[in-house]
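Working notes, structure below.
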Amino acid sequence: MEYSPILHNLHVVPSSHVKNKLFVFCIMLSLWVYMIYCCVGYCSTMPNLTYGSVSRHQNDAEVDNQESSLGASRDLLNNENDLDSRGEEWDEIRGDAKTLDDNAMSGFLNESESKKLPQAIIIGVKKGGTRALLEFLRLHPDIRAVGAEPHFFDRNYDKGLAWYRELMPKSSDGQLTMEKTPSYYVTKEVPARIYTMSKDIKLIVVVRDPVTRAISDYTQTRSKKPDIPSFESLTFKNMSAGLIDTTWSAVQIGMYAKHLERWLQYFPMEQLLFVSGERLISDPAGEMARVQDFLGLRRVVTEKHFHFNPAKGFPCLKRPEGNSKPHCLGKTKGRTHPNIDPEVVQRLRDFYKPFNSKFYQMTGHDFGWD
């Protein structure tokens, strides 16, 4: 058969054309997959998680009301971290941020939203239940809050307000931006620094029986540093003389009245709200009503959002609609307190009694710790 260049070209050209189309298609598909991957990666770092993700971080808390049970109590208000809190909390948030709720997605797409400095801050106290309060508040559609502790006013102040604002989630004009850093309440420089930023800011303090709080604080530290001295030896400067060591942070934090005096030099009492860590567990809806009123919000988070777990002794969060399973704390919450000498516990109670009485007078609220 005679060779024909025309017939040869008729067969080669279509084949080459198809290959080119496939090559272009593969490139476009790869780019599309890469863009989807980038979007998912970006969204997973956003602080406003789904209801399920938020509630998995809830404060797994119970409080011992009887002095005799202090030694065996569960540290279920174990939510504030030490110097390494930023890394631990960001890792925890990233690990659970698999999906976004409607508010987060709309915020991502809404160009009218912007990052704002907070209008309210949970300023303390460590081991009081601040994580539980923050996660309860994040159920409210008018709240946008940072998940991790920024520690701006105590550790990162030199980085400036622009750096601080960048940490905040985007919010619309009708939403309230918040953060929580428990060490603010006891850091001397913080009240003046916050006042410089905003004279009208609203401040929330979650307080807890100072003796139970001190033991909880020690328990957390010991979980990271097993070789630290005993609670008893750290509590006293001189155990035989019964002299309490007020320089130890676990003791010092519970002197609530002393720290409050510093805040009242800059802010009127009307701008501070004191939340009971005990009642945040026994009556979360009641405490949340107070908090929402204080922040000027609608009472959206109510008793329908809480489910009390009798086996664990603390409230879990649930969707107000449907039959979905309630969500409780993450696996890192709930350390067992060590057995503390009852005499040491009583001496601590005696030590805190005048501070508690003054705190009750200053706040106009008896927390019933004595």
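The values are calculated or read from the model by the stated rules, or taken from the named source; none is laboratory data. Here the structure is a predicted model, which means the values were calculated and not measured. All Cβ positions, glycine included, derive from the backbone under ideal geometry; neighbour counts span all protein chains shown. What goes into the accessible areas is simple: the full protein's heavy atoms, side chains included, and nothing from ligands, DNA or RNA. Shrake-Rupley method; radii C 1.70, N 1.55, O 1.52, S 1.80 Å.
On the beta carbon distance between Tyr157 and Phe25, with R0 = 45 Å, the FRET formula returns roughly 0.25. Sequence-ordered 3J(HN,Hα) estimates for the stretch 158-172 from the Karplus curve with 6.51, -1.76 and 1.60 and θ = phi - 60° stand at 5, 7, x, 5, 5, 5, 5, 4, 5, 6, 6, x, 5, 9, 8 Hz, glycine and proline given as x. Take the Cα of Asp366, go 7 Å toward its beta carbon, and none of the backbone nitrogen atoms of the stretch 122-151 fall under 15 Å from that spot.
Given a Förster distance of 35 angstrom, what is the FRET efficiency for Glu166 paired with Ser357, based on the Cβ-Cβ distance and rounded to 0.05? Efficiency for this residue pair is about 0.20. Taking the Cβ-Cβ separation of Lys225 and Asp173 as r and a Förster radius of 56 Å, what is the calculated FRET efficiency to the nearest 0.05? Result of the calculation: an efficiency of 0.75. Taking Arg213, Arg193, Arg222 and ordering them by how much accessible surface each has at a 1.4 Å probe, largest first, produces Arg222, Arg193, Arg213.
Listed cross-link partners Lys180/Lys237; Lys159/Lys199; Lys116/Lys225; Lys180/Lys318; Lys126/Lys159 are compared with a 26 Å cut-off, the Cα-Cα value being larger for Lys180/Lys237; Lys116/Lys225.
Packing here is the average count of other Cβ atoms within 10 Å per residue, and on that basis the peptides 269-275, 143-149, highest first, run 143-149, 269-275. Less than 5 angstrom separates the built amide H of Lys115 from those of Ser171, all sequence-distant by 5 or more or on a different chain. Sequence-ordered 3J(HN,Hα) estimates for the stretch 234-244 from the Karplus curve with 6.51, -1.76 and 1.60 and θ = phi - 60° stand at 6, 5, 10, 6, 9, 5, 5, 8, x, 8, 6 Hz, glycine and proline given as x. Our estimate of slack between Arg349 and Met269, defined as 0.36 nm per intervening residue step minus the Cα-Cα distance, is 26.2 nm.
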